[in-house]
Amino acid sequence: MSRWSRRSFLKTSTAAALSAVAGRPVRGVESPPRPKVAVLFTEFTYRSHAHVILENFLEPYLFNGRKTESSVEVVALYGDQFPDSDMGRKVAERYGIPIYDTIAGALTRGTGKLAVEGVASIAEQGNYPRNELGQQLYPRKRFFDESVAVMRDAGRVVPFFNDKHLSYRWDWAREMYDTARELKMPFMAGSSVPLATRRPAFELPAGSELEQALAVHGGPLESYDFHGIELLQSIVEARKGGETGIRAVEFLEGAALERELTEGGWRPLAQAAMAAELGQAPADLNSVPGEEADAPHALRLHYRDGLRGLVLRVGKSATRWNIAVKPKGGGAIGATHFYVGPWNNRNLFKALSHAIQSHLKTGVPPYPVERTLLASGTLEAVLKARQAGQPRETPELAVTYQPVDYRRFRELGDTWKIITPDTPQPPDIDLFGRNYQPPAR
């Protein structure tokens with residue numbers, strides 16, 4: 001390298017390094033292009049998943065107390081439904097993002113050839129029927145299949161994210177998983193809850209041996225039961241030997257649940273889990289002070305390695321996400337509350353958006369998709385057990401995997417020192433991150 005070219009190189013490199021620290025662009029130094037992604041949604045209305053995920057793709061957001069720019073660029077949208085309260089068209093116009101009539105159109109950007117480097121599928125809200133099990137028939141499998149068809153035609157794959165569970169049907173969920181493995185397509189799925197701030201701080205040491213593990217939520221049947229299963233799974237997968245799967249499930253309510261809480265030894269775990277959230281456990285799990293009374297129900301999970309699991313619904317609170325575990329050998333119960341931040345569950349999606357962007361950019365899922373596969377199948381099996389009124393054997397749920405350390409994708413709490421309960425919730429796209437100026441040091 002000549003003296004001049006070396007001097008220019010050093011000058012430019014130093015400027016770029018200083019710019020990175022200061023957060024300012026340098027004239028003549030271009031940032032690498034961000035991966036272009038297509039986003040598919042069922043409905044884009046206020047506080048829908050499309051809203052609370054995409055706002056963190058379109059504007060800077062706070063993650064662990066730091067102003068964070070999206071690491072991907074949204075270049076195409078597909079909407080399945082546009083109700084009267086739709087926000088999607090206005091947001092698309094504001095940010096100059098075309099909305100296509102078909103999923104193939106969004107992935108090819110109207111060229112007929114795959115023209116994006118990642119796909120995010122957000123199929124959660126919308127006007128879709130329910131089946132006899134009480135499941136809402138969101139078109140996650142259709143979104144996946146039509147995206148895969150474009151990739152197969154192109155002869156290449158791009159990273160894919162699927163919001164929440166894979167499908168309401170186990171065979172379809174398994175097919176999605178198997179297809180991704182066959183194509184070697186980077187595949188991420190799941191929800192925001194496991195990424196919430198743990199209060200008090202809680203980690204299950206790798207290789208821990210557990211006797212019982214309980215998750216508590218305060219939401220409706222099916223939609224929040226999935227969150228409870230996934231929350232439980234995100235903790236117990238770190239136990240000794242990793243995940244081995246679930247051999248049987250039960251649905252419990254009324255007198256059967258009361259017996260299980262007492263005779264199965266779950267009541268101390270339930271009390272510890274509720275105390276982690278409220279400071280003290282309510283005297284009666286049927287009635288949480290300040291909340292509308294609603295009878296609890298539970299999903300009893302029999303793991304193949306002998307672990308006893310329970311997902312318990314208590315009270316009515318959309319932000320109730322609690323965990324309690326009892327180690328083998330008579331150790332003390334450990335418990336924590338997964339705090340989602342102000343604005344109900346809206347801010348919780350900042351951490352999930354951060355994880356999705358990392359996946360779409362790097363092709364490396366932040367945690368195993370098998371977690372969501374197992375949770376998807378468990379949910380359907382429990383609903384079938386509820387319908388039949390008896391326990392259900394689940395040999396199909398012999399899903400095995402090893403956990404990964406995903407702490408760098410979790411919100412550890414610094415953001416809640418900046419966004420507090422007194423911070424007004426934005427009525428549209430969240431511009432707080434754009435306007436946030438960190439204090440001078």
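The values are calculated or read from the model by the stated rules, or taken from the named source; none is laboratory data. Predicted model only: the values in this text are computed from it and were never measured. Using ideal geometry, Cβ is built from the backbone for each residue, glycine included, and neighbour counts are taken over all protein chains shown.
One table, with the values for the structure above:
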read-out: Some residue of the stretch 190-203 being over 22 Å from Gln125 (Cα atoms), buried (at least 20 other Cβ atoms within 10 Å of the Cβ) and among the aliphatic types (A, V, I, L, M); value: no
read-out: Residue ID - farthest from His51 (Cα to Cα), chosen from residues in the stretch 156-206 that are hydroxyl-bearing (Ser, Thr, Tyr) and out of contact with any His (no Cβ under 7 Å at 6 or more places or on another chain); value: Thr179
read-out: Selected residue (criterion: surrounded by the most Cβ atoms within 10 Å (Cβ to Cβ)) from residues of the stretch 96-116 that are farther than 22 Å from Asn127 by Cβ and either within 25 Å of the chain's Cα centre (by Cα) or of a type in the set (A, V, I, L, M, F, W, C) (or both); value: Leu107
read-out: The stretch 32-47, residues that are of a type outside the set (A, V, I, L, M) and crowded, with 22+ Cβ neighbours inside 10 Å; value: Phe41, Thr42, Glu43, Phe44
read-out: Pairs, first in contact (Cβ under 8 Å) with a residue 40 or more places away in the chain in the stretch 93-106, second among the β-branched types (Val, Ile, Thr), C-beta under 7 Å, six or more apart; value: Ala104/Val150
read-out: Residue match in the stretch 160-167 (condition: crowded, with 18+ Cβ neighbours inside 10 Å, farther than 19 Å from Gly377 by Cβ and either more than 20 Å from the chain's Cα centre (by Cα) or of a type outside the set (A, V, I, L, M, F, W, C) (or both)); value: no
read-out: Which numbered condition Gln280 misses (of (1) farther than 23 Å from Leu383 by Cβ; (2) out of contact with any helix residue (DSSP H, G or I) (no Cβ under 9 Å at 6 or more places or on another chain)); value: (2)
read-out: Strands (runs of 3 or more DSSP E) completely within the stretch 32-136 that count 1 or more residues being under 19 Å from Ile356 (Cβ atoms) and either modelled with pLDDT under 95 or hydrophobic (A, V, I, L, M, F, W, C) (or both); value: 36-41, 61-63, 73-79, 118-122
